[in-house]
Amino acid sequence: MIHTDETTEKAVSTLEGLISILEDGKLGYTNAAEHVSSPAIKTDFLDYARERALFIVEIQDEINKLGKSTDTAGGGPLGAIHRAWIDIKSSFTSGDTEAIINACITGEEAAIEKYKMALEHNHLDSSQIAIVSKQLNTIENTLAKIKAKKLS
């Protein structure tokens, strides 16, 4: 894709939206890890938070390659709802692991939806598509792992 000012802005906007949902996921998993009692689940949630942080850096690099800077503070409105939901659920349920896992599932489903929309809008070039697709695949695998925890 040849980047004009308009296509560059659309790509940056798309990528910033992904950073937003990743930031929300990172904060959500960190918060969830603080509220679960199971050491194994706590470790998994902290791993997912670190993974989201690495994804953010990957996407920031792509934005920087387009000649734009990145400013991410606090995530987006969808993630804010997700974080608040974890806060509310954990406070009402005294860290009920199942409720926290359900909140994480909700957050991952929102992330997957946002990633799929980013790929459908055709604002990204092939290297960006490769990164977004790889990250989407990882998030889908994480969702499957979290759903499996719910069943166990």
Which ones in region 18-37 are farther than 14 Å from residue 70 by Cα, out of contact with any Leu (no Cβ under 8 Å at 6 or more places or on another chain) and either at pLDDT 90 or above or in a helix (DSSP H, G or I) (or both)?
25, 26, 27, 28, 31, 32, 34, 35
Please specify each residue of region 32-55 satisfying the condition of being in contact (Cβ under 8 Å) with a residue 24 or more places away in the chain and among the polar types (S, T, N, Q).
37, 38
Can you name the condition, by its number, that residue 15 falls short on among (1) modelled with pLDDT of 85 or more; (2) assigned to a loop (DSSP other than H, G, I, E, B); (3) within 14 Å of the chain's Cα centre (by Cα)?
(2)
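Rundown of residues vs (1) under 14 Å from residue 28 (Cβ atoms); (2) at pLDDT below 90; (3) open to solvent by 30 Å² or more (accessible area, probe 1.4 Å), yes/no style:
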{"residue": "54", "(1), (2), (3)": "no, no, yes"}
{"residue": "85", "(1), (2), (3)": "yes, yes, yes"}
{"residue": "97", "(1), (2), (3)": "no, yes, yes"}
{"residue": "103", "(1), (2), (3)": "yes, yes, no"}
{"residue": "108", "(1), (2), (3)": "yes, no, no"}
{"residue": "113", "(1), (2), (3)": "no, no, yes"}
{"residue": "134", "(1), (2), (3)": "no, no, yes"}
{"residue": "142", "(1), (2), (3)": "yes, no, no"}
Failed condition for residue 68, given (1) at pLDDT 90 or above; (2) more than 16 Å from residue 111 (Cβ to Cβ); (3) surrounded by fewer than 20 Cβ atoms within 10 Å (Cβ to Cβ), with all others met?
(1)
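The values are calculated or read from the model by the stated rules, or taken from the named source; none is laboratory data. Just so it is clear, the model here is predicted, and its values are computed rather than measured. Ideal geometry is used to build each Cβ from the backbone, glycine not excepted, and the neighbour counts take in all protein chains shown. These area figures cover heavy atoms from the full protein model, side chains too; ligands, DNA and RNA do not enter into them. Shrake-Rupley method; radii C 1.70, N 1.55, O 1.52, S 1.80 Å.
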